[in-house]
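Contents: one structure, followed by commentary.
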Protein chains: 4
Amino acid sequence: MNFASDNWAGATPEVMAALVKANDGAAPAYGSDALTRRVTGLFSEVFEKEVEVWFTATGTGSNSLGLAALSRPGGLVLCSSEAHIHSDEWGATEFQSGGMKLVTMPQVAGRVSAEALRQTLSRFPEGNRFGVPVALSLTNATECGTVYAPAAVAELAGLARAQGLAVHMDGARFGNAVAATGAKPAELTWKSGVDFLSFGGTKNGCWAAEAIVVFSPDKLSDLAARRQRAGHTFSKSRFVAAQFEAYLTGGNWLRWAGQANARAEQLRVGLRASSQARLGWGSEANEVFAVLPRETIARIRLAGGTLYEWPAEGMGLTADEDLVRLVTSWATSPDEVARFLAMVG
Amino acid sequence: MNFASDNWAGATPEVMAALVKANDGAAPAYGSDALTRRVTGLFSEVFEKEVEVWFTATGTGSNSLGLAALSRPGGLVLCSSEAHIHSDEWGATEFQSGGMKLVTMPQVAGRVSAEALRQTLSRFPEGNRFGVPVALSLTNATECGTVYAPAAVAELAGLARAQGLAVHMDGARFGNAVAATGAKPAELTWKSGVDFLSFGGTKNGCWAAEAIVVFSPDKLSDLAARRQRAGHTFSKSRFVAAQFEAYLTGGNWLRWAGQANARAEQLRVGLRASSQARLGWGSEANEVFAVLPRETIARIRLAGGTLYEWPAEGMGLTADEDLVRLVTSWATSPDEVARFLAMVG
Amino acid sequence: MNFASDNWAGATPEVMAALVKANDGAAPAYGSDALTRRVTGLFSEVFEKEVEVWFTATGTGSNSLGLAALSRPGGLVLCSSEAHIHSDEWGATEFQSGGMKLVTMPQVAGRVSAEALRQTLSRFPEGNRFGVPVALSLTNATECGTVYAPAAVAELAGLARAQGLAVHMDGARFGNAVAATGAKPAELTWKSGVDFLSFGGTKNGCWAAEAIVVFSPDKLSDLAARRQRAGHTFSKSRFVAAQFEAYLTGGNWLRWAGQANARAEQLRVGLRASSQARLGWGSEANEVFAVLPRETIARIRLAGGTLYEWPAEGMGLTADEDLVRLVTSWATSPDEVARFLAMVG
Amino acid sequence: MNFASDNWAGATPEVMAALVKANDGAAPAYGSDALTRRVTGLFSEVFEKEVEVWFTATGTGSNSLGLAALSRPGGLVLCSSEAHIHSDEWGATEFQSGGMKLVTMPQVAGRVSAEALRQTLSRFPEGNRFGVPVALSLTNATECGTVYAPAAVAELAGLARAQGLAVHMDGARFGNAVAATGAKPAELTWKSGVDFLSFGGTKNGCWAAEAIVVFSPDKLSDLAARRQRAGHTFSKSRFVAAQFEAYLTGGNWLRWAGQANARAEQLRVGLRASSQARLGWGSEANEVFAVLPRETIARIRLAGGTLYEWPAEGMGLTADEDLVRLVTSWATSPDEVARFLAMVG
């Protein structure tokens, strides 16, 4: 009953097999090997467009290096108040960019509305002394388990681009968003105005497979140099490439993400039917937020279950309740969910 | 006949097996898993001292984050003119530290002498306006295939510490240095005055296994925060830990490094006996520098061999010759070397 | 009728005279001259404690260099949502510190309450992944014309220090705060827990006289190096020292600040009595916020008056009204205020 | 007998008078005042071209902000081994630029030769892993008192521009260079390929008057934001503008620089005729380097004279001699020089 995080799971058998297969003979270093080139081609197929692909070590690396490559001192990055880049990366974007600021926008269940974006943009007119907005960063799937459909992305990106902002998507759980919306990767990104994407494989069945996928290379500068000096250029690039090859081949990534989403839906259905618990809010991807009796949480932990409490300000919980986050992954089994729901009652 | 670099090789079978074994079930993320803790213990055994171990994505990450953690604006890092941190990392240390400067010292075959260090230190007296020396960085094995024995490290580190500098060792090929000198890891490092070590496993049989090993934690500040915001904190930490477990267990790392060194020695012996080629300079670890006829280099490449030309300023080469670097690894076979030597003649 | 800003005024006759006097003969550069030393002594007298004094070019320089000297990667600076360091310095603190984040707290008329600080501190427990609070920054007088009395400073600083934070005071208008509260400089600062102060003379009768006054030197590191590489170390230091000598001698600075405050009070009294206008909120120092008919604002400008509109969200203004900020300075005359009030009606 | 530095002198009477005159009434802040605009026009006249002018607090500020505005991570700035930006600014350029590296070139009496530049450029071919050269920085007058004539600037700048580098001139003593060469300001700068100039008035009769003069605005990005967040945007801009108005009006600056140069020439003539001392090398601007008996140096100091010893490596001095730097300024009198020469004998 591991619902702590999708990064507690290991790698899928397919990813392990690809790693074993890639471990044959010598190959040029720093990304000039044939496998890395082939995988770049795979990305272009998946996104129906010739893209630039920059492997990095972590999602934090992708987010911060990509945003830094916009290269605007005094620049502002607009993001939701729940954004991972704001709350969980220890100022990585501020650091890599030499001091850009993040400006947070109100969100509902992780999603920013067009109205919130419009209001925020209006706070920084030409000549203001706070800074100049240079990027909108959307997380999809969001940190609250919800997703933006292509139309929502397009509306937000359209507003941002109209004022000259670049559009970034934090796709640490991009597979879950694609699986949940049923949209094509291209529709969720560049066709809706996204300029670059932090594409995460780690949470969805890889060991460490992260990349910046660039749709609008003219907007980012010096990514090669930035990545190198940040220490994110792997010498044995093929060990990332191998993971991504297994990931992208034959739609594996969407199958794994779909499984994780299905386990989350199983959780949501069970919690909606529960007499002891309730959903904190609706979600569509592989994160579920539920209000449980504290006593139940304790019992689940005693039984070896893992899960995290979540801030519940303003949600009107009783003193006996707590909000928890439940994350499913490719490795979550239906039985694991069933046992959990049985304990919730 | 791959002599391009030791990072062209894949992972050893033992490392692959450990990865497969670690891929079982769920484990806490960000280094709080049991395997990562166990491996930290292994490091402490290997170094005969309780050490801090910080996994990073690359050697550049280790070098630059460790040096940045000395946290001295306007600080100077003293290193050899051939140092990787100076010549191959695109200003990583300058960037991570917010602008520390590297001051290069003359070297012979990659090694800095005590006299060179003394002279350099004397250039920055109290109150100078250039900057204040805060670290000595030694690479062992050096970028030129030579090694520092414990006595040499101790002499240099002693001079540096006497003036308040911290001592860093870039150990991208630390295994090769230990194997070549026959010294104990402790003797080559903290017992000789080294405060922190960039410990590299990648070039010696791992996929991506790098760590900052800290002997003097009081001298470095905020490594956890620095690593996190630099995007070097892997979520699935056990995939690095597994590699290091295979690496450090049963002396595997020294066996692999020893094999690489032996193949380099086989090259050196053959080149010394050659009528067509000669050594550029003597070396002890797994890098060999040789002067070859350009025509021979071309033939080797035609036959599928890989190797890199190297700057040969001041070495008095004829127009028909070139200096090349030959790197061996755990994967280099005696037969590969023999075929190479046969082509050299 | 200049109410645009106190930095639109020139220098006082006393400051000009001191500059002329200091312009005699040669003097050592970079702060080693006798006048700079003497002025450092004056600061120590004024603050009843031996202090470190670091001249800088601007208040932004003082704020950002001082906060950066706390030297904590991933560090958080807590400040009011109206703080100048957050809203008007283009990310100076983020930049100088290599990426520290500012966390804003709700305020009322520019002042943060103990309750708001308590709640904010509770959001960042040990082990959180957002960052670690390292400083509380208070502006006194605030950006909204109000002041913190010593007891308020002591309460806030006490909470901050209890959790290990350093306490910074942005004193761009420190003279106005001292004059308005009647407190001693020592009481408003170190005796109430302030560790370092951005001491501004520019807005109160100098040309460019700013300094970081350090009460707790152990908490800041490498200010000399930070200032030098930031380009804030004036070679002809005496030109700043001369201004400060005139400023601090014989209580000039408090006399000038008192005059500015008195003109603001004259404005407040007049506006309270007005049938056409009203105060936005009460204030004590040299900034007054007033709601005026737009038509009146236009007439004042036609008559050569200067003043700025201010964001008035949530204040319930009618479409015909606007909120304006009125700033007085040492150079504002009673007659200027009277003419303004007459136009307001 | 002050020969310590030209920044030990105060301001000229003309500069003081201009300050007094500018101190009349209110003026808009942050550079939007009429005087600042007028002075920008003066700069355009002096340089025979419409230029951008950005006041900064110090020469270090100008150099580092200008170079940082080239905005290239991993970028290399090529400069002489004696360059002030390398040796005297505590890593300001490395800091402001987020880690660009300075690459030093050999020089003779402060001047870099075309051959040295050519060789240095050849060390960084496309695809090298050290970094990419982005700027050539020349100091004129040099740190050794010599000057580049327009033809020398044009040759060096031509080589640099041919490889895509921008060309910066550190003109802390630009007036002295113009006066010594007799060239027009335009000829020494943009007509010879200089893209931006750190224009210094401080050492030549101002209090603190420094500016970045930009001839090729397309090559620099975001200078306004960079200057603001670096704390170099003075609120009372007119106090700098006033200095520059006095400076540039009626050729004052060239008259003052010419006087300083003439006093240096008086020193050189006297030293060439001396039986006890000799010139270290020939120079043309207001710095003179001389070899004096240590005993003479001591006597001069006893008599109240000021001067600094200078590194003399490789100059073959005897144990009784030392190399000293003698700097003259607008304030140096012929009599002061005569007394000095008399003591030298």
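The values are calculated or read from the model by the stated rules, or taken from the named source; none is laboratory data. Since we're looking at a predicted model, the values are computed, not measured. Reconstructed Cβ throughout: ideal geometry from the backbone, glycine too, with neighbour counts over all protein chains shown.
When D:Ala26 is tested against (1) closer than 29 Å to D:Ala160 by Cα; (2) touching a strand residue (DSSP E or B) at 6+ places or on another chain (Cβ under 9 Å), just one condition goes unmet, and that condition is (1).
For segment C:267-318, how many residues meet the condition of being in contact (Cβ under 8 Å) with a residue 60 or more places away in the chain and within 25 Å of C:Asn7 (Cβ to Cβ)? Here the count works out to 20. Keeping to segment C:292-344, report how many residues are exposed (fewer than 13 other Cβ atoms within 10 Å of the Cβ), more than 14 Å from every other protein chain (Cβ to nearest Cβ) and not hydrophobic (A, V, I, L, M, F, W, C). Summing the residues that are exposed (fewer than 13 other Cβ atoms within 10 Å of the Cβ), more than 14 Å from every other protein chain (Cβ to nearest Cβ) and not hydrophobic (A, V, I, L, M, F, W, C) in segment C:292-344 gives 6. Of all residues in segment A:161-181, those satisfying the criterion of being farther than 21 Å from A:Trp281 by Cβ and surrounded by fewer than 24 Cβ atoms within 10 Å (Cβ to Cβ) are A:Arg161, A:Ala162, A:Gln163, A:Gly164. Annotation note: of D:Glu245, D:Glu287, the sole residue that is outside the structural domain of D:Thr146 (by TED's automatic domain parsing), out of contact with any Ser or Thr (no Cβ under 7 Å at 6 or more places or on another chain) and acidic (Asp, Glu) is D:Glu287. No other residue among C:Ala264, C:Ala260, C:Ala183 is more than 30 Å from D:Gly205 (Cα to Cα), in a helix (DSSP H, G or I) and away from every other protein chain (no Cβ under 14 Å) apart from C:Ala264. Among the candidates B:Gly280, B:Gly231, B:Gly314, B:Gly270, the residue that is of a type outside the set (A, V, I, L, M) and under 30 Å from B:Leu42 (Cβ atoms) is uniquely B:Gly231. Restricting C:Gly61, C:Gly41, C:Gly31 to those that are assigned by TED's automatic domain parsing to the domain that holds C:Gly171 and over 23 Å from the mean Cα position of the chain (by Cα) reduces the list to C:Gly31. Selection of segment C:5-18 for residues being more than 7 Å from every other protein chain (Cβ to nearest Cβ) and either assigned to a helix (DSSP H, G or I) or hydrophobic (A, V, I, L, M, F, W, C) (or both) yields C:Asp6, C:Pro13, C:Glu14, C:Val15, C:Ala17, C:Ala18. Annotation note: of C:Phe289, C:Phe234, the sole residue that is in contact with a Lys or Arg (Cβ under 7 Å, 6 or more places away or on another chain) and of a type in the set (Phe, Trp, Tyr) is C:Phe289. Restricting segment B:97-111 to residues that are in a loop (DSSP other than H, G, I, E, B) and more than 7 Å from chain D (Cβ to nearest Cβ), the residue that is farthest from the chain's Cα centre (by Cα) is B:Ser97. Scanning segment D:80-104 for residues that are touching a Leu at 6+ places or on another chain (Cβ under 6 Å) and not polar (S, T, N, Q) returns D:His86, D:Lys101, D:Val103.
The residue that is farthest from the other protein chains (Cβ to nearest Cβ), counting only those in segment B:38-59 that are in contact (Cβ under 8 Å) with a residue 60 or more places away in the chain and touching an Asp or Glu at 6+ places or on another chain (Cβ under 8 Å), is B:Leu42.
Residues in segment D:216-237 that are facing chain C (nearest Cβ under 9 Å), more than 22 Å from D:Arg38 (Cα to Cα) and in a helix (DSSP H, G or I): D:Ala225, D:Arg226, D:Arg229. Within 30 Å of C:Arg118 (Cβ to Cβ) and within 14 Å of chain D (Cβ to nearest Cβ): does that describe C:Gly66? Spelling it out, C:Gly66 is indeed within 30 Å of C:Arg118 (Cβ to Cβ) and within 14 Å of chain D (Cβ to nearest Cβ). Within segment B:197-210, track down each residue that is more than 8 Å from chain A (Cβ to nearest Cβ) and of a type in the set (Gly, Ala, Ser). Residues satisfying the conditions are B:Ser198, B:Gly200, B:Gly201, B:Gly205, B:Ala209. Just one of (1) crowded, with 23+ Cβ neighbours inside 10 Å; (2) in contact with a Gly (Cβ under 7 Å, 6 or more places away or on another chain); (3) acidic (Asp, Glu) fails for C:Glu82. It is (1). Taken over segment B:282-316, residues that are small (Gly, Ala, Ser), assigned to a loop (DSSP other than H, G, I, E, B) and on the phi < 0 side of the Ramachandran plot amount to 6. Per the conditions (1) part of a helix (DSSP H, G or I); (2) more than 14 Å from chain D (Cβ to nearest Cβ); (3) within 30 Å of D:Thr58 (Cα to Cα), the sole criterion not satisfied by C:Leu271 is (3). In this structure, is C:Glu94 within 11 Å of another protein chain (Cβ to nearest Cβ), over 14 Å from the mean Cα position of the chain (by Cα) and free of Cβ contacts under 8 Å to residues at least 24 places away in the same chain? In short, yes. Cβ separations smaller than 8 Å between residues 6+ apart or across chains give the following pairs from segment D:168-180 residues that are under 17 Å from D:Ser137 (Cα atoms) to residues that are among the basic types (Lys, Arg): D:Ala172/D:Lys203; D:Arg173/D:Lys203. Total residues in segment B:174-214 satisfying the condition of being within 10 Å of the chain's Cα centre (by Cα) and either over 20 Å from B:Ala264 (Cα atoms) or in the same structural domain as B:Ser329 (by TED's automatic domain parsing) (or both): the figure is 3.
Only one entry in D:Val194, D:Val240, D:Val213 is within 14 Å of chain C (Cβ to nearest Cβ), surrounded by 24 or more Cβ atoms within 10 Å (Cβ to Cβ) and more than 24 Å from D:Leu326 (Cβ to Cβ), namely D:Val240.
Residues of segment A:19-37 that are over 29 Å from A:Val194 (Cβ atoms) and at the interface with another protein chain (Cβ under 9 Å from one of its Cβ atoms): A:Leu19, A:Val20, A:Ala22, A:Asn23, A:Asp24, A:Gly25, A:Ala26, A:Ala27, A:Pro28, A:Ala29. Number of residues in segment A:115-142 that are part of a loop (DSSP other than H, G, I, E, B), within 13 Å of A:Gly164 (Cα to Cα) and touching a residue at least 24 places away in the same chain (Cβ under 8 Å): the value is 1.
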